[in-house]
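The numbers here are math on the coordinates, done by the rules we state, and not lab data. The structure presented is a predicted model; accordingly, all values stated were derived computationally and were not measured. Don't worry about glycine lacking a Cβ; one is built from the backbone with ideal geometry, like all the others, and counts go over all protein chains shown.
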Amino acid sequence: MVRDIEDIKYRFIRACVAYLEYFFDNPNVFKLIFLQDFIHDFKGLPAEIQDRVINPTVVALLREYFKDCVSEGIIAENKLLQLEDIIANYIHGILLFYIMERTNESRERIQKKVEKQIDCLLS
């Protein structure tokens, strides 16, 4: 389990990969959250479901790990928001290309690439 990993940087990287793997395994959830036109379709959903779509638990967990990286000095506090945006946009972009079949890269290759890129950003 990711929470059991002591090295905070590695824990954060593994959490990002777990997020990636979740959407690899559940592409329709990705499409619902990130590609569905909620302006027209969102209104009929119960408030609890709307909140889960807008603020998924995994995002809160990743933010917690970001803060842990700041407390450990891995990320400078003044760069936290920028890194959150860069990493989130990077992961979602890669997922979009994979789920919409616009890349020939395997899941394993994408996972390794994400691990390497996030490690670079956190170094």
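Worth pointing out:
- For segment 78-115, filtering for residues that are surrounded by 11 or more Cβ atoms within 10 Å (Cβ to Cβ), in a helix (DSSP H, G or I) and not hydroxyl-bearing (Ser, Thr, Tyr) leaves 23.
- Considering residues of segment 62-76 that are assigned to a loop (DSSP other than H, G, I, E, B) and of a type outside the set (D, E, K, R) only, the residue surrounded by the most Cβ atoms within 10 Å (Cβ to Cβ): Ile75
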